[in-house]
Structure formats: structure tokens, C-alpha cells
Amino acid sequence: MEESRHHRNSIFSQRLDRTTFTAYFLGAVVPLLALGFIVERYVIPTIPDKGHIVGMIAFVCSIAVLSLLSFLVLRKTTHSTLARIDRDNQRLSALLGASSSLTASEYASDIAATSVACAVELTGAQAAYLLVRSKHPEEPAELFESAGPDAEKLFQTIGDRIAELAELAMNSGRPAIKNGSGNRGGLVVLPLSGESSWLGVLAIVHARSASEFEGSKMDALNTLAGLTSVAMRNADLRDSQRNFFSHMTEILVTALDVHLDYNNGHGTRVAQTANRVGRALNLDDKQLQNLHFASLLHDIGMLKFDRSVPKGDKVCQKHAEIGYRMLARIRLWEDVAPIVHSHHERYDGTGYPQGLAGEEISLEARIITLCDAFDAMTSNSSYKAAMSFEEAIEEIRSCTGTQFDPRVSEAFLDLVAQGAISGQ
Ligand SMILES: [Fe+2]
């Protein structure tokens, strides 16, 4: 890629040289030749004094030399402008690449890795570091990610100075810049802004001095720090959402277990078995995630019924429909709700609530139907004693093709044969 860019620039430079030379030739050389011809033919013969003739020739020659010098200066200026535009374009391209990676990154670690790598690319620095603010106000910012050929070795030498400048940058809300001495290099530390406080800093070390970061390099670094800050805040928000959902699900599952008098977490065991069967059937990550939440919450609709209503009561059959309506309103679970809706459908079409059959029932729901039945058969409850593991397996075999999907049964029984699902 570097080679191709160099090739493009080389062609462009050659074209530019040709254009400049043509302009110089037509605008300066041709008029000068014409002037020389007119002077030689019509002016010199009319001048009697030889001294005046020499002066005239010297005047024309000095105009020619000045014109040549201005051409050379123009050529040099054009080339240096072209080189600067190319460097700015490279920075812009690196920033655009980093921007799309930062936006797509889910986790803070990926964002930090992208940010420090881009900082090195933008500046050609020896090392770049991302430090995050410590949770304890009295402690210095902690190193989170680094990049660059000398990153580790340098941090051992100047880590304290970076931490010092990080505090300065976060307290002032402005970049902190310091020139190093000897081989310690210049340092630029940019604060990363959070919702209400500074998240940390982006620190860049250059072999020579901090003056290397002036002008458009500094503008690019400021833009990178801004993009990194936004991406880190978004990742933190997503992390909070995951944390909320994970703990809220745990609370709901516990409430459900207590409400239904389930033995030691029916939903959790169904989720574990369903996950193994789902993997054996090559479900993708999104399907496995939906299967997990649907397994944990498949009986959530039962919360609407009083505990005194017997679970076998016909009215309780509405729990699948009720559970569906409860979950469908939550946008992050809108794909989970239809699975919960169908977890009591049967492969032969005699289940409820819709009487769906075969492939009309989602694969995730067919998996839960079997895993739910298996756990119910092998667990003790207040109204029935548990079957033995072997009896439960026999029951699953005998209900394959009627209650259970043969494909799901086969995957389940294979896992039993491998010992991945056992009666323990
Ligand atoms: Fe159920």
C-alpha cells in the first residue's frame, strides 16, 4: 500500500513538474527570447554607445536568471506543499479507519488497543499508552493498553512522569506537554472525557521532543482523543446494560424458583442442558444467547398465577401466552419472547397455546421443550418424586416424534452417550 501511494505521488510529481515547466517556458522563456530578438534586431543597431549595449544585454540576462530562480523556488514550494497534503491525507485516513473500528468495538479493551495503535500511526511515535483513572482518588492513573516498538521498556523508565502528567491533564482538562531530556523524549498527554469526570488519558512519547506534535499532528491527536472518549463512554453504557440484564434476570429466576417451589433452580439447569444441545446443533451465538434467556425465563408467565393454583391446572396453560406478552415489551428480549411462547408446543402439533407442529415451532423452543421435560422428570418437587435418570431417558426416547423433535432428541441422546449430560 505504501509502495502504491509512493508510485501515485511520483506520477503526480512528474505531471506537476511538466505543467510547471511548460508554464515557465511559455510565460518566461518565450517572451525573453522574443525580447532578446527584438533588442538584437531593432534596438541595438540604433544605440551608438557600446557601453549602453552591454548594459542592455546584462539587464536581459538578469531577468532570465531571476525568472529561472523563481521557477526553482516555485517547484520546491509546490513539492513541499504536496508532501504536507499527503501526510495530512494519511492522518485523515488513519483517523477514519480508527473511527469506524472504535464505533464498532463492544469492549473498552478493544477501544484502547485501537486508540493507541492509531496514535502511533498518526505520529510515528515511539510509544502510546492509554491510562484509566483509578477507582481510588488518591492513587495514580493505571496503565490499560500500550502500543509502539519501545512501549514496555519506555514505561519502566518514564511511567512515573506519564502518571504525573496524566494527573495534570485530568485536573486541568487540557493536554499536558513536556519536552524530555537526553533519550527520554517529548511527552504529550491528552485527557479523555467521561460523562461527569475524566476517564483517563492518551499519552504519546516521541524520541525527540514534544515539538514534534505541533500543528496538524496535534489536531489529529485531539480528534483521536475525542473519538476514544465517545467510544469508551458507549462501551461503559453497554457494559452497564449487560450488567443490569444479567442481574435482573438472576433476580427474576430466583423469584420464579421460589414462586413455583422449584428445586434448586429449574430454569438454570434447563439453560445449561439447552446450551449443550444448542451447541451440538450448531446454533450461532445470537441463537444461543436467545436460547439461554428463554430457558431461564420460560415459565415467567406463572408469576401471574397465585401459588395456590395447582401447576397442572388447565388455567396455568395460559402462562406461555402471558410470558410471551411480558417479554415482548422488552426490546432486548423481543427475540426471546416467541421462544417462551412456544415452549409447550409439541412436535406432533398437539401442544399449546397455538398447536404448532414440526418446523413451525422454532428450533430453540423445541430444544427447551425437551430440556424442560427432562429436568422436570429428574427433579423432586412438592407433588412428585423424581424419576431415575435411566427412566427419564427412556421416556424421552418413547416421546420422540410425538412430543419431541427427533433431531433434538438425537443430539440430546448423543450428549448422554458421551457423558456430557448425566444424572449427576
Ligand atoms: Fe412452562
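The values are calculated or read from the model by the stated rules, or taken from the named source; none is laboratory data. From a predicted model like this one, the values you see are computed outputs, not experimental measurements. Because the Cβ atoms are built from the backbone with ideal geometry, glycine has one as well, and the counts that use them run over all protein chains shown. Remember, those area values only see protein heavy atoms, side chains included, never the ligands or the DNA or RNA. Shrake-Rupley method; radii C 1.70, N 1.55, O 1.52, S 1.80 Å.
Calculated FRET efficiency, Thr19 to Gln289, Cβ-Cβ distance, R0 = 45 Å: about 0.15 to the nearest 0.05.
With r as the distance between the Cβ atoms of Thr81 and Ile44 and R0 = 30 Å, compute the FRET efficiency 1/(1 + (r/R0)^6) and round to 0.05. E(calc), rounded to 0.05, equals 0.10.
Let me check against my output: what whole-number percent is the relative contact order of the stretch 283-331, with C-alpha pairs under 8 Å and at least 6 apart?
The value is 39 percent.
Less than 5 angstrom separates the built amide H of Phe404 from those of Tyr347, all sequence-distant by 5 or more or on a different chain. For Lys318, a cut-off of 26 angstrom between C-alpha atoms picks up these lysines, skipping any fewer than 8 places away in its own chain: Lys304, Lys384. The spacing between the stretch 298-340 and the stretch 139-216, judged by their C-alpha centroids, is 54 Å. Under a model in which nothing but the beta-carbon of Lys, Arg (+1) and Asp, Glu (-1) is charged, the chain shows a dipole of about 2060 debye around its Cα centre.
Taking Cα centre as origin and charging only the Cβ of basic (Lys, Arg, +1) and acidic (Asp, Glu, -1) residues, the dipole magnitude of the stretch 251-400 rounds to 380 debye.
For the pair Leu32 and Lys314 in one chain, pulling the backbone fully straight at 0.36 nm per residue adds 90.7 nm over the alpha carbon distance. Projecting the Cα atoms of Leu413, Asn234, Asn171 onto the charge dipole of the chain (Cβ charges, centred on the Cα centre) puts Asn171 farthest toward the positive pole.
Helix 363-378 and the long axis of the chain differ in direction by around 40°, with both axes built from C-alpha atoms. Once both labels are positioned 7 Å from their Cα atoms along Cα-to-Cβ, the gap between Glu167 and Leu66 label points is 6.3 nm. Only protein heavy atoms count here; on that basis, with a 1.4 Å probe, Ser216 has an accessible area of about 50 Å².
In the chain, the longest principal axis of the Cα atoms and the axis of helix 285-297 are about 40 degrees apart. Solvent-free Debye calculation, one equal scatterer per alpha-carbon of the stretch 338-395: log10 I(q)/I(0) at 0.12 Å⁻¹ equals -0.32. How large is Rg/Rh for the stretch 107-237, to two decimals, with Cα atoms and a Kirkwood Rh? Result: Rg/Rh = 0.93.
Each residue of the stretch 320-326 was assigned a 3J(HN,Hα) from its phi angle through the Karplus curve 6.51 cos²θ - 1.76 cosθ + 1.60 (θ = phi - 60°); the sequence is 5, 5, 5, x, 4, 5, 5 Hz, with glycine and proline shown as x. Using a 1.4 angstrom probe on heavy atoms only, work out the carbon and sulfur share of the accessible area of the chain in %. Here carbon and sulfur together make up 55 percent of the probe-accessible area.
Placing one equal scatterer on every Cα of the stretch 106-181 and applying the Debye formula, the log10 ratio I(q)/I(0) at q = 0.11, 0.13 Å⁻¹ is -0.28, -0.40. Could you point to the residue in Ser134, Thr123, Val201 farthest towards the positive end of the stretch 81-233's charge dipole, with +1 and -1 charges on the Cβ of Lys/Arg and Asp/Glu respectively? Checked the options; the winner is Thr123. Remark: the Thr254-Ser134 segment gains 39.8 nm on full extension, using 0.36 nm per residue and subtracting the alpha carbon distance. Sparsely packed loop sites in the stretch 288-379 (the GluC sites (Glu not before Pro) outside DSSP H, G, I, E and B with at most 12 other Cβ atoms within 10 Å) comprise Glu334. Using the Cβ-Cβ distance between Asp160 and Ser197 with R0 set to 25 Å, the FRET efficiency from 1/(1 + (r/R0)^6) comes to roughly 0.65. Net charge dipole, the stretch 222-295: roughly 220 debye, given to the nearest 20, about the Cα centre with Cβ charges of +1 for Lys and Arg and -1 for Asp and Glu. Accessible area per residue for the stretch 181-256 is 48 Å², calculated with a 1.4 Å probe on protein heavy atoms, without ligands, DNA or RNA.
Towards the positive end of the charge dipole of the chain, with charges on Cβ (+1 Lys, Arg; -1 Asp, Glu), say which of Phe404, Ile38, Gln90 has the farthest Cα. Result: Ile38.
Here the relative contact order of the chain, from alpha carbon pairs under 8 Å that lie six or more residues apart, stands at 9 percent. In the chain, the alpha-carbon atoms span a convex hull of 258 Å³ per residue. Taking each DSSP H run with n ≥ 4 as -39500 (n - 2.57) and averaging over every residue of the chain yields -20500 deg cm²/dmol at 222 nm.
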